[in-house]
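Below: one structure, written as structure tokens.
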Amino acid sequence: MQRIFTCSLFALAMAFLMFGTLASSAAAVGEPVHFKELLPFVDLKLPGWEMSEKPGGTTVKHEGFSMSEAKASFHAGDKTLEVIILDFKGQAMPWLGMLGKMEMESSEESIRTITIGGFKALETFRPKDKHGELNISVADRFWVKLEGEGLDNIEPLKAAAGQMDLKKLATLAK
């Protein structure tokens, strides 16, 4: 039953994401921040972790749809951590603002809303899978996603997010 609730929550979030993106793609004015401007925000020095490869990204512009992505991957033994920043011109996480304060815990996972660097975030951890996610909405524009595998807890993701200058990233939301 809990797994159904989690899947339903995820499906609801994705529906909001898709509806929000489609409903306002024509209304969005301007361009996403180019991925090269986002790269410094994912180029982190994480104690105990090695960068797997040089940070990379993409900017896409196509008939009314545009987005940018910057990402970096890290490893520490059998643990992996990925940091991604997406710019959909404010349409990345409209559902996060609607969640309010939320907390859910089951034998399979825990999900809760928290604040990271003054920005609303959704924390998810599945101890049996050793999988964690931290999704942060920055300035109602950028979706910062930190995802880890082989983790004993969510703390490495929070530590990585703490190394990011999210307030400076917010200044790019023109």
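The values are calculated or read from the model by the stated rules, or taken from the named source; none is laboratory data. Here the structure is a predicted model, which is why all the values come from computation and not from measurement. All Cβ positions, glycine included, derive from the backbone under ideal geometry; neighbour counts span all protein chains shown.
Scanning the range 118-135 for residues that are over 13 Å from MET102 (Cβ atoms) and in a strand (DSSP E or B) returns PHE119, PHE125, ARG126, HIS131, GLY132, GLU133, LEU134. All conditions but one from (1) assigned to a loop (DSSP other than H, G, I, E, B); (2) surrounded by 14 or more Cβ atoms within 10 Å (Cβ to Cβ); (3) at pLDDT below 95 apply to SER107; the one that does not is (2). So is LYS158 without any contact (Cβ under 8 Å) to a residue 24 or more places away in the chain and surrounded by fewer than 21 Cβ atoms within 10 Å (Cβ to Cβ) or not? Taking the combined requirement at face value, the residue does not satisfy it.
Determine whether the range 49-70 contains at least one residue that is touching a Ser or Thr at 6+ places or on another chain (Cβ under 7 Å), buried (at least 16 other Cβ atoms within 10 Å of the Cβ) and of a type in the set (Ser, Thr, Tyr). Checked against the condition, which is being touching a Ser or Thr at 6+ places or on another chain (Cβ under 7 Å), buried (at least 16 other Cβ atoms within 10 Å of the Cβ) and of a type in the set (Ser, Thr, Tyr), the range 49-70 yields at least one hit.
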